[in-house]
Structure formats: C-alpha cells, structure tokens
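S.K.: Take this structure, written in structure tokens, and hold onto it; I'll ask about it next.
The values are calculated or read from the model by the stated rules, or taken from the named source; none is laboratory data. Bear in mind that the values here come from a model prediction, so they are computed numbers and not experimental data. Cβ placement follows ideal geometry from the backbone for every residue including glycine, while neighbour counts extend to all protein chains displayed.
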Amino acid sequence: MILLPIYKKTELYQVNPTKIIALGLNYRDHIAESNSINVRGFTQEIPIEPILFAKTPNCLLEPEEPIVLPQFLHDYGFDDIRTDYEAELAFIIKDRCKNIPKEKALDYIFGFTCVNDVSQRNIQRMDKSGWLRAKSLDTFGPIGPRVVLTNDIGNVRNLSIECRLNGTTVQKSNTKNMIFSIEETLSFVSKNFTLMPGDIVITGTPSGVGPLKHGDVVEVEIEKIGILRNPVIEETFV
C-alpha cells in the first residue's frame, strides 16, 4: 500500500487506482529524439490526438524505494540492456466520469503528483502487442512525493518539470510545452474509458530520457509538488 501526504492536509492519500492511463509523445522535443530511442510506434510525426497506453498498478512504487532492473532481461542476450527514466506529471481522478468536456475537466481531478514512467526499451522494441509489458514491470512506476489538490496547484499549464540522474539535470522543461493540455487529455481519455475515483493519468515526458543502471539515484521534480527520489538496483536472487 502506498500512502502519500496531501499538501495542506493532515490525512494521507492511499494510491489505489483501478487503471493507469499514460500518454506517449506529448512533448515535441521528446518526439524529436525518437531516433535515439528507436521503439515501435515512436516516430517524429506530431500526433493529432493523444497517444494512449496503459501501465498496470503493480508497477507503482513509493518514494525512496528502489527501482528494480529485472534479472530476466539478461536471458534474452540483448547487446545492450536499456531501461530509461521518464519524468512526468500525473493527475488523479476525483469522481467517476465519462465524456467530460474540456471546460469541466479540472472539476474531476482530485490532485497532481510526480511519476517516473520507467520504460524497458528492449522489450518495447520487441513486443508485437505494444508497450504494456515494457511499461508495467514491477517498480516501474514510482509516484509521489505528495499529492497537491487541484485547488492548490495553481496554473497546471505552467509548471517546471525536471529530472536529475545522480545529481545531474538530464530533463528540464515546462508543462506549457505539452502538445495536449491536462484539460484536453482528460476530455479525450474519458471519451474512451469510464474513469473511476483514484485512477491515474500520466501526461508524457519531455526530452532527455536515458538509461538507468545499478547504483543510480533518479529524482523527478515538479514545481509545487516536490522531489520524487528513487535509487536503482539490479534484481538479485538469494
């Protein structure tokens, strides 16, 4: 069970989504680095509607807990095993909703937090069924460090977002650079799926994604929310 503090509140928020919906290719500068990532479905075309994929709830990980690089990846004989960090803003659904107009979208959002959309690139390239497995491995969804309620976040279209790897800034952008805004995203997602209280929507990453290795420490920082920090370890068996 993951419990996160709520900004300005004494109670804790229990993270317990029925589903996690994520956006791919929602920052133009991330699209521009598609050649270096080289995964199925990742092109330099600007999408005309949000590109959605799912992460399963088992991937969720609390702050300070280790991201675990699975041992089974070595069984494939990949020349280079690459698992990437991706700093992202996420929002949590407040009420059951379907077919929400953009103008009312923020009324259905409980609050905002940081997510590291950890992505296993080799599997993402290999799996014919898409990105699900590569995005949903255990510990591949760090979340936190707190939830900021919609009324307290201010302008969600102008929040700085940054990722640091071992203290060095590797991603730096602003939510104003999203192709699809928070309101547009929720409206589109709710046309496709009925969203339930606690469901999580992850809004895409800017450029600068890169590989993680054993011993790394990765931090996602979003203005007004805080720093989500996680170490990285290789899975070992006793």
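S.K.: Applying the selection to the range 92-133, what residues are over 15 Å from residue 20 (Cα atoms), aliphatic (A, V, I, L, M) and not in a helix (DSSP H, G or I)?
M.R.: Result: 100, single match.
S.K.: Which pairs turn up if I take residues in the range 122-138 that are of a type in the set (Phe, Trp, Tyr) and look for partners that are assigned to a helix (DSSP H, G or I) with beta carbon separation below 9 Å, at least 6 apart in sequence or on another chain?
M.R.: Once the first residue is of a type in the set (Phe, Trp, Tyr) and sits in the range 122-138, its partners that are assigned to a helix (DSSP H, G or I) give 131/123; 131/124.
S.K.: Additional query: If you go through the range 156-183 one residue at a time, how many are in a loop (DSSP other than H, G, I, E, B), among the basic types (Lys, Arg) and closer than 28 Å to residue 233 by Cβ?
M.R.: 0
S.K.: Determine the pairs where a residue that is closer than 23 Å to residue 215 by Cα, located within the range 51-77, has a partner that is among the small types (Gly, Ala, Ser) and surrounded by fewer than 17 Cβ atoms within 10 Å (Cβ to Cβ) with Cβ atoms under 9 Å apart, the partner being 6 or more residues away or on another chain.
M.R.: Filtered contacts from the range 51-77: no entries.
S.K.: Answer yes if at least one residue in the range 177-195 is surrounded by 21 or more Cβ atoms within 10 Å (Cβ to Cβ) and under 15 Å from residue 85 (Cα atoms), and no otherwise.
M.R.: Among the residues of the range 177-195, not one is surrounded by 21 or more Cβ atoms within 10 Å (Cβ to Cβ) and under 15 Å from residue 85 (Cα atoms), which makes the answer no.
S.K.: Take residue 153 and decide whether it is surrounded by 20 or more Cβ atoms within 10 Å (Cβ to Cβ), touching a helix residue (DSSP H, G or I) at 6+ places or on another chain (Cβ under 7 Å) and β-branched (Val, Ile, Thr).
M.R.: On the way: surrounded by 20 or more Cβ atoms within 10 Å (Cβ to Cβ): yes; touching a helix residue (DSSP H, G or I) at 6+ places or on another chain (Cβ under 7 Å): no; β-branched (Val, Ile, Thr): yes.
No: the conditions fail for residue 153.
S.K.: Further, regarding this structure: If I filter the range 3-43 down to residues being polar (S, T, N, Q) and in contact with a strand residue (DSSP E or B) (Cβ under 7 Å, 6 or more places away or on another chain), which single residue comes out as modelled with the lowest pLDDT? It would help to see each step written out before you state the result.
M.R.: As a first pass, look at the range 3-43 and keep what is polar (S, T, N, Q): 10, 14, 16, 18, 26, 34-36, 38, 43.
Then keep just the ones that are in contact with a strand residue (DSSP E or B) (Cβ under 7 Å, 6 or more places away or on another chain); that gives 14, 26.
On the way: 14: 98, 26: 93.
Looking at the filtered set, the residue picked out is 26.
S.K.: Let me ask something additional. For the range 216-238, enumerate the residues that are outside any strand (DSSP E or B) and within 18 Å of residue 138 (Cα to Cα).
M.R.: Looking only at the range 216-238, we keep the residues that are outside any strand (DSSP E or B), and these are 216, 223-225, 235-238.
Listed by number, the residues that qualify are 216, 235, 236, 237.
S.K.: Among 167, 208, 204, which is surrounded by fewer than 19 Cβ atoms within 10 Å (Cβ to Cβ) and small (Gly, Ala, Ser)?
M.R.: On the way: 208 fails: surrounded by fewer than 19 Cβ atoms within 10 Å (Cβ to Cβ); 204 fails: surrounded by fewer than 19 Cβ atoms within 10 Å (Cβ to Cβ).
Every option except 167 fails the conditions.
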